[in-house]
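Since every read-out is calculated from the coordinates, none of them should be taken as a lab result. The structure presented is a predicted model; accordingly, all values stated were derived computationally and were not measured. Counting neighbours? That spans all protein chains shown, and the Cβs are built from the backbone with ideal geometry, glycine included.
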Amino acid sequence: MKKVIAIDGPSGAGKSTLARLIARELGFDYLDTGALYRAVALHLTSHGLEENAPDEEIEKLLRKVRVEFRSGRVLVNGTDVSEEIRTPEASHYASVFSARQPVRQYLLGIQRDAAAHADLVTEGRDMTTVVFPGAFRKIYLDASVEERCRRRETEFMARGVEVNMDRLRLEIIERDARDSGRGIAPLRKAGDAFLMDSTGLHIDEVFRQIMEFIRE
Ligand code: DC
């Protein structure tokens, strides 16, 4: 395995922006594991699977699908679904199906393979705890719910998507609870991860502090 910088944290904490900046700075590959979970969930729902589908049905569909993350894009059987996976509905299903064992098992190998041939900056919910527990550097990036709501609002508005702040806040709280409360690979801070609370900080400052930690 090559060198891995692993970042975990709740949705909207700024993980992907930070991970991209680190990857560019160090010349590492970048892996957005949330995009993989989103793509898998999209595949399952587009084949009619409901939230409570039995494991066997999930396994059956995953046996025949190829999900890849390449140059910042996510592909399902060769089709680019990078835009489709960014809706609030896709976020919801990604969170729901990511709690299922066959989904986590399916993506485990794909994520580890990404570090087989290239140094990697990766971000998600269980990078530091399950997928890369031996990572070169481990970071837990947090921010308050209010701040994460504001960032999500800005993101949606930039894409011309209208948002209802109360609904957005509820969705974030619900997703936090599900991602942290599930039985398998829940979101939690690894004991040896560097804790960075980005509330009130500009991304440049977060990046500066994190690079200092990485270069220590
Ligand atoms: O990072 P994101 O918001 O794109 O992730 C979407 C969902 O995928 C998130 O709610 C939980 C799940 N996920 C996960 O369980 N494990 C990961 N390593 C990354 C994402």
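Applying 0.36 nm per residue to the separation of Ser46 and Ala158 and subtracting their alpha-carbon distance, the gain on full extension is 37.6 nm. Placing +1 on the Cβ of every Lys and Arg and -1 on the Cβ of every Asp and Glu, with no other charges, gives the stretch 64-181 a dipole of roughly 360 debye about its Cα centre. Across q = 0.13, 0.17 Å⁻¹, the chain modelled as identical point scatterers on its alpha-carbon atoms has Debye log10 I(q)/I(0) values of -0.72, -1.29, in the order of the q list. Amide H contacts under 5 Å for Ala118: Lys2, restricted to partners 5 or more places along the chain or on a different chain, H placed in the peptide plane at 1.01 Å from N. Take every pair of alpha-carbon atoms less than 8 Å apart whose residues are at least six positions apart; their mean separation over the length of the chain yields a relative contact order of 34 percent. When Val40, Val74, Val145, Val96 are arranged by Cβ crowding within 10 Å, least crowded first, meaning fewest neighbours, the order is Val145, Val96, Val74, Val40. Going from the fewest other Cβ atoms within 10 Å to the most, the residues Val121, Val65 appear in the order Val65, Val121. Ignoring lysines fewer than eight residues from Lys2 along the same chain, the ones with Cα atoms less than 28 angstrom from its Cα are Lys15, Lys138, Lys189. Considering only Ser11, Ser71, Ser198, the mean-square fluctuation computed in a Gaussian network model of the chain, springs between alpha carbons under 10 angstrom, is largest for Ser71. When the helices of the chain are scored as -39500 (n - 2.57) per DSSP H run of n ≥ 4 and the total is divided over every residue, the value at 222 nm lands at -14500 deg cm²/dmol.
Our analysis of the stretch 92-216 gives Rg over Rh at 0.98, with the two radii drawn from alpha carbon positions and Rh computed by the Kirkwood formula.
Among the GluC sites (Glu not before Pro) found in the stretch 102-186, those both in a DSSP coil and sparsely packed, with 11 or fewer other Cβ atoms within 10 Å of their Cβ, are Glu162. Convex hull volume of the C-alpha atoms in the stretch 28-100, normalised per residue: 89 Å³. The trypsin sites (Lys or Arg not before Pro) of the stretch 129-216 meeting both criteria, a DSSP state outside H, G, I, E and B (loop) and at most 14 other C-beta atoms within 10 angstrom of the site's C-beta, are Arg159.
Of the GluC sites (Glu not before Pro) in the stretch 19-78, the ones in a loop by DSSP (not H, G, I, E or B) with at most 13 other beta carbons within 10 Å are Glu50, Glu51.
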